[in-house]
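Structure, as structure tokens:
Nothing in this text is a laboratory measurement; each read-out follows from the coordinates by a stated rule. Note that the structure is a prediction, hence the values are computed from the model and not measured. When we count neighbours, we look across all protein chains shown, and the Cβ atoms used for this are built from the backbone with ideal geometry, even at glycine.
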Amino acid sequence: MAESNFVDYVKIYCRSGKGGRGSSHFRREKYIPKGGPDGGDGGRGGHVYLRGNRNYWTLLHLKFDRHVMATHGNGGGAKKSFGKDGEDRYIDVPCGTVVYDAETGEFLCDVSTDGQVVQLLKGGRGGQGNWHFRTSTNQAPRYSQPGEPFQERKVIMQLKLLADVGLVGFPNAGKSTLLSVLSAAKPKIADYPFTTLEPNLGIVAYRDGRSFVMADIPGIIEGASEGKGLGLRFLRHIERNSLLLFMVPADADDIKKEYEILHNELVKYNPELLGKRRVLAITKSDMLDEELIEALSEDLPDVPFVFISSITNTGLTELKDLLWKELNVETFHEVESIVHQDLDVSTLDLDDDDDFVFPEDEEDEPEELDEFDWDEEDEPAQN
């Protein structure tokens, strides 16, 4: 089986640049034998930034380029010349990317909009040259300040899909079929569980040229919040959705019980999901007659519901009307509180530590000073 191009998490090594060391140079010109210190400051090290880019949909481009290192600052020079600053590195990521520390699981930042720039690592400041250390009692300092060291960190980037409607249901509930009917997406459809192994996005056309984005994630089973089935890997994609569409097939033994199981799994995973709006769709309703639909309607949970059939297109117009109505209802749900959670790194199956090669940084060679015959009694005049 060919490996999928959809990559929603990746672990990379980032390193900023260290600051350049200050210069310990002394002014030497014709007829000025003792010009005093004129060593310049070192340049700062390069920063590492994250930048949101709407043209990216996955983290695939980082899977094969997992070492991001900014350049170091150059050392200062003579005549108070500043060293060149290190070159900054920008990491383009898709909108909806959340970054965690790979060692502790601490939440670092969230890139959610196109063009948003977040500083991930700060470059070291350049050291000061000996010109800064001259005093009335020490007019010829032979020392300068080294640059600040670089920062390095291994980070885990997770992509949480940005969609208006998220499809939630058990395996074989008809989620992929509904997405293929309402949009131009072509997810894999089959008659066995866990056909969908990766999220799919589709744009659903509505009236008057309006549209909304629908996300189909792999099926959820009881215990998914504890890692069963496909578990925690895809539950995070639900956090970004504005509306949750619960899908339960009409031939289920107890529609209300299955809805409650799905709802409880989401709440166990993240209690903040209680604030999201919910809609229930009873799929495969082409097997039901009107009397059975009326009987089932009496024992459904207290959420907006609709009976649909993706095969016969029954109820799909009513479903889109209901989704559009719910999407435009004002809500006080705090989106930011969802994503600012630390990551439990013990639950991740990242076996790529052996692929990391940590570059050894070369030590700066000490600057060679010109040989001066300074007389202790005759110090150079302060510049």
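Evaluate the distance, in nm, between pseudo-label points positioned 7 Å from the Cα of residue 78 and of residue 211 along their respective Cα→Cβ axes.
6.5 nm
For a quick check: with amide H placed at 1.01 Å from N, whose amide H comes under 5 Å from residue 163's, ignoring anything fewer than 5 positions away on the same chain?
When sequence neighbours closer than 5 places are left aside, the close amide H contacts are 241, 242.
Can you return the lysines within cross-link range of residue 84? Criterion is Cα-Cα under 20 Å, with same-chain partners fewer than 8 residues away left out.
18, 122
Relative contact order, percent, of segment 40-100 when contacts are C-alpha pairs under 8 Å separated by at least 6 residues?
Working: 123 pairs, mean separation 32.1, N = 61.
It comes to 53 percent, rounded to a whole number.
Residue by residue through segment 108-116, which ³J(HN,Hα) values in whole Hz follow from phi under the Karplus form 6.51 cos²θ - 1.76 cosθ + 1.60 (θ = phi - 60°), with glycine and proline marked x?
3J(HN,Hα) across segment 108-116, in whole Hz: 9, 6, 9, 10, 10, 10, 5, x, 5.
Can you work out ³J(HN,Hα) from phi for every residue in segment 59-64, in order, using Karplus 6.51 cos²θ - 1.76 cosθ + 1.60 and θ = phi - 60°, giving whole Hz and x for Gly and Pro?
Those phi angles translate into 9, 4, 5, 8, 5, 10 Hz.
Over 31 Å between C-alpha atoms is what I'm after, so list which of 11/325; 160/325; 154/175 land there.
11/325; 154/175
Could you work out how far apart the two model spin labels at residue 65 and residue 29 are, taking each label as a point 7 Å from the Cα in the direction of the beta carbon, and quote it in nm?
In this crude label model, residue 65 to residue 29 measures out at 4.6 nm.
Tell me, 157, 287 in order of fewest to most beta-carbon neighbours within 10 Å?
287, 157
³J(HN,Hα) across segment 240-247 via Karplus (A = 6.51, B = -1.76, C = 1.60, θ = phi - 60°), whole Hz, x for Gly/Pro?
With coefficients 6.51, -1.76 and 1.60, one gets 7, 6, 6, 9, 10, 9, 7, 10 Hz.
Non-local amide H neighbours of residue 116 (under 5 Å, H modeled in plane, Pro and chain starts lacking H): which ones?
When sequence neighbours closer than 5 places are left aside, the close amide H contacts are 52.
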